[in-house]
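In what follows, a structure is listed as structure tokens, so that the remarks can point back to it.
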Amino acid sequence: MTSTVLTGISELWTLDPALDDPARPGDVADAQVLRYAAVVIEEGRIAWTGPAADAPAADAREDLGGRAVLPGWVDSHSHLVFDGDRAAEFEARMAGRSYSAGGIAVTTDATRAAADARLRDLVRDRIAEAVAGGTTCLETKTGYGLTVADELRAAQLLDALIAEGALDEATFLGAHLVPREFDGEDGRPGAAQYVDLVAGEMLAAVAEHVRWIDVFCEDGAFDPEQSAQVLRAGAAAGLGLRVHGHQLGRSGGVALAAALGAASVDHVNHLAAEDVEALAATAARPTAPGDRPGLLAVDAGPTVATVLPACDLSTRAPLAPARELLDAGAAVAIASNCNPGTSYTSAMSFCVTTAVLQMHLSLGEAVRAATRGGALALRRGDVGHLGVGARADLHVLDAPAAIHLAYRPGMPMTHRVWRHGQEQPLAPVPPTPTP
Ligand SMILES: N=CN[C@@H](CCC(=O)O)C(=O)O
Ligand SMILES: [Zn+2]
């Protein structure tokens, strides 16, 4: 058994769940940040944390030079399986056009046309980019295939990446958009038939490869009734539920997610007071142990409100009311929503910075939402914190204090990253040439 002790840590944000302050559920308690600290990693897990002066001996010792250490970011929402980019659409948006779900079809065409090896390389490169920004636990979705064969191909790709330890969580998003061949025009089958396909044959094909099912419950995509059909079928297949909701308007996705016990509803830009209350009311729902170490049951616990700050900026949407959600007592996560249409970035540090500067979260609230919040949204107890026994996922900042994330916006802050106890390469990923 080999062990490593890391010393020279100015701030060690353990976020240890055993030290949560019940009076401030969305925040970080003083006891969860150790000063002048050390951490011992053994067999990919956190074996010890405490004052540097008391650090035990280990096989290897490294001095981090007075830097702050956080748990790696837990990015609970991304769409990395795609080809092509939509820079022109983005540029048009910056010139005044508004976002609509229809852009998904453009990426679907490019993704269907991509060879398997190219798609795999693209996803790998995007994961490497995310890790280089401090992300150590990552969820990603299918959703740019929208045929049984293409959704299955994406799900199998994600399953393989999870098996090799490169990725953590996979989500089936066949209900991303009604594809053109089902648009109901000129005698084509229509949305109801596509929903039947997603909830039937497509789900049956992909279910063994994913832990989650998601639906884009929004005007121009799927209405609450169609969304419920897909989610109920997913639950019957043993999958956990996730919802894209209230991105473009009050789509009904929040009420649906809360009613069906979804683990998360994401975007949440357009919320009425009753939506905030509905989410806060789920916060008391207890989690339950899952059937694999480190995992919680997908169907117990709060419906987390996942805010996507980079997406809000990139679509010039009203920022999700993260402050109001926390004040009401809702569980909140921050995620990147990395995708080619609305948020082409996996930079979680940027999302945290934005949450502090523009959504009015304290640094502690934002860090917690991007670590423990994401872990709760993914129903995982093994990541998002550095309590003893947690996965050794560490994000070393090139700063003496984590507040520098917001104090020095835009400056490169990721110094070193460990994932599963292994230090990760942080070399920049070269651009993939357009075919
Ligand atoms: N809103 C739905 N899906 C993605 C956007 C997908 C796209 O435009 O390609 C999102 O989460 O923002
Ligand atoms: Zn999304």
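Any read-out appearing in this document is the output of simple, stated calculations on the displayed coordinates, not a laboratory observation. A quick note: this is a predicted structure, and the numbers were derived from the prediction, not measured. Using ideal geometry, Cβ is built from the backbone for each residue, glycine included, and neighbour counts are taken over all protein chains shown.
Summary of values
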{"quantity": "Förster radius 25 Å - calculated FRET efficiency between Ala427 and Ile403, Cβ distance, rounded to 0.05", "calculated": "0.35"}
{"quantity": "About the Cα centre, charge dipole magnitude for the stretch 1-143 (Lys/Arg +1, Asp/Glu -1 at Cβ), debye", "calculated": "500"}
{"quantity": "Helical mean residue ellipticity (222 nm; -39500 (n - 2.57) per DSSP H run of 4+; nearest 500) of the chain", "calculated": "-8000 deg cm²/dmol"}
{"quantity": "Among Ser3, Ala29, Val40 - extreme Cα towards positive end, dipole of the stretch 1-41, charges at beta-carbon", "calculated": "Ser3"}
{"quantity": "Within the chain, longest stretch clear of exposed GluC sites (Glu not before Pro) (DSSP loop, no more than 15 other Cβ within 10 Å)", "calculated": "186-435"}
{"quantity": "Stretchable slack from Glu164 to Glu62, in nm (0.36 nm times residue separation minus alpha-carbon distance)", "calculated": "33.9 nm"}
{"quantity": "Exposure proxy order (Cβ contacts within 10 Å, fewest to most) of Phe90, Phe172", "calculated": "Phe90, Phe172"}
{"quantity": "Dipole magnitude (debye, nearest 20) for the chain, charges at Cβ of Lys, Arg, Asp, Glu", "calculated": "540"}
{"quantity": "Lys/Arg +1, Asp/Glu -1 at C-beta; the stretch 73-377 dipole; positive extreme among Ala114, Thr353, Leu296", "calculated": "Thr353"}
{"quantity": "Student exercise, the stretch 193-312 dipole from Lys, Arg, Asp, Glu Cβ charges, in Debye to nearest 20", "calculated": "400"}
{"quantity": "The chain: equivalent-ellipsoid semi-axes (sqrt of 5 x gyration tensor eigenvalues, Cα, Å)", "calculated": "35, 23, 21"}
{"quantity": "FRET efficiency for Asp116 and Gln358, using Cβ-Cβ distance with R0 set to 51 Å, rounded to 0.05", "calculated": "0.80"}
{"quantity": "In degrees, nearest ten, helix 148-163 long axis to first principal axis of the chain (Cα)", "calculated": "10"}
{"quantity": "Whole-angstrom gap from the stretch 85-134 to the stretch 370-412, using each part's C-alpha centre", "calculated": "26"}
{"quantity": "Fraction of the pair-distance distribution of the stretch 1-117 above 26 Å, Cα-Cα pairs, percent", "calculated": "50"}
{"quantity": "Asp109-Glu208 pseudo-label distance in nm [points 7 Å out on the Cα-to-Cβ vector]", "calculated": "3.5"}
{"quantity": "Under 14 Å, Cβ to Cβ, from Gln193 - net charge with Lys/Arg +1 and Asp/Glu -1", "calculated": "-3"}
{"quantity": "Pairwise label distance in nanometres, Arg232 with Asp125, each label 7 Å out on the Cα-Cβ vector", "calculated": "4.3"}
{"quantity": "Long-range HN-HN contacts of His77 with modeled amide H, under 5 Å", "calculated": "Glu139, Ser336, Asn337"}
{"quantity": "Förster radius 30 Å - calculated FRET efficiency between Asp219 and Met94, Cβ distance, rounded to 0.05", "calculated": "0.85"}
{"quantity": "Prolate/oblate/rounded label for the stretch 218-290 (Cα gyration tensor, a/c 1.5)", "calculated": "oblate"}
